[in-house]
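Accompanying notes for the structure given below.
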Amino acid sequence: MSRPHIRHELSQLESNLRTEIGKLAQSKNISLDTQTGSLCELIAILTQAGLCEHPLFGQITQVDAAVCQLDIGLYGLCSDCENEIETERLDINPVEQRCTQCAKSHEHEHRQELRLKH
């Protein structure tokens, strides 16, 4: 996948998320202009509004991370082992942060943490 294609995919995801976050803000009576400002500013506002646990917050932070990685030349590298993430994984989810092996390990560890908390 070419860099312009990746940027286009991420831009589309960002646009869709900004629309959904706008709807969420409206439903929560939060004054928020989601169409202007950087992703960092949007994330900060959502944090101040106490919406860090909402799934849209996680999605917008993933898009922000992927855009930053693309800008610094690290897009497509696993956040854990730094090996390349399989192209198939990125085709399915362009904001994927882990290779298959590390994703399995992370999921297993996360399930263990959930068990310990309950």
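Placing +1 on the Cβ of every Lys and Arg and -1 on the Cβ of every Asp and Glu, with no other charges, gives the stretch 42-96 a dipole of roughly 280 debye about its Cα centre. Note on T19 and L70: with the Förster distance fixed at 30 Å, the Cβ-Cβ geometry gives a FRET efficiency of about 0.85. A cut-off of 5 Å between modelled amide H atoms, ignoring neighbours fewer than 5 places along the same chain, links L77 with I85.
With Cα atoms as the point set, the radius of gyration and Dmax of the stretch 3-117 evaluate to 15.6, 43 Å. What you get for the stretch 3-117, charging only the Cβ of Lys and Arg (+1) and of Asp and Glu (-1), is a dipole of about 380 debye around the Cα centre. Membrane-span-like helices in the chain, defined purely by DSSP H runs whose alpha carbon atoms cover 15 Å or more axially and whose average Kyte-Doolittle hydropathy reaches 0.5, are 55-72.
Calculate the FRET efficiency for C52 and N93 from the Cβ-Cβ distance with a Förster distance of 25 Å, rounded to the nearest 0.05. Once rounded, the FRET efficiency stands at 0.75. Distance from the Cα centroid of the stretch 1-54 to that of the stretch 62-79 is 17 Å (rounded to whole angstrom). Dipole check for the stretch 1-58: with +1 at the C-beta of Lys and Arg, -1 at the C-beta of Asp and Glu, and the Cα centre as origin, the magnitude is about 80 Debye. Placing a label point 7 Å from the Cα of I30 along the Cα-to-Cβ line, the residues of the stretch 55-76 whose backbone N sits under 11 Å from it are 55-58. Potential lengthening of the chain between E107 and Q12 amounts to 31.5 nm, from the contour at 0.36 nm per residue minus the alpha-carbon distance. Considering all different alpha carbon pairs of the stretch 1-71, the Kirkwood hydrodynamic radius works out to 12.5 Å.
The numbers here are math on the coordinates, done by the rules we state, and not lab data. On a predicted model such as this, the values are computed, not experimentally measured, just so you know. Here the Cβ is made from the backbone with ideal geometry for all residues, glycine too, and neighbour counts use every protein chain on show.
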